[in-house]
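**Student:** Below are the structure tokens for one structure; questions will follow.
The values are calculated or read from the model by the stated rules, or taken from the named source; none is laboratory data. In this text, all values refer to a predicted model and were calculated from it rather than measured experimentally. The area values use the complete protein model at the heavy-atom level, side chains included, leaving out ligands, DNA and RNA. Shrake-Rupley method; radii C 1.70, N 1.55, O 1.52, S 1.80 Å.
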Amino acid sequence: MSTLKVTNIQATGETASRSVSGVAAAWVNFNGTGTIAIRDSVNVSSLTDENTGEYKVNLSNSFAAADYCLTLSGSHNTTADEGIDIDISGFLSGSFAYNNRNGASTYYDTAILCGEANGDLA
């Protein structure tokens, strides 16, 4: 068996390379309460606090198209029937929207939010 050791990975046709420590094209772990803040990330330049429970994750290097795969997760508050909702209208090649709301469609802030995106970078 052979071992391949690399620091960065770049797919054919991509202009941006990916760090081996974060093989996903982009990922983020952030605090969504008070002044929102990135705890750690790969290929995420900044966050935008759009409104209560509504966030925009801005990418350092855009995807080739807005048809990448996105997985989101986060903590919930103690109120029953809360969940995470993805705003598909904010699914762009250079950013994605991340919204938290409950079954009654009430938006709320939460302390731990995580997102991972996989696809071809531009």
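**Student:** Accessible area of residue 39, 1.4 Å probe, to the nearest 10 Å²?
**Tutor:** 120
**Student:** Continuing with this model, one more query. Quick check: with the 1.4 Å probe, what order do 36, 112 take by accessible area, largest first?
**Tutor:** The ordering from most to least exposed comes out as 112, 36.
**Student:** To continue, here is another question. How much length, in nm to one decimal, is gained on full extension between residue 14 and residue 38, taken as 0.36 nm per residue of separation minus their Cα-Cα distance?
**Tutor:** Using 0.36 nm per residue and subtracting the Cα-Cα distance, I get 6.1 nm.
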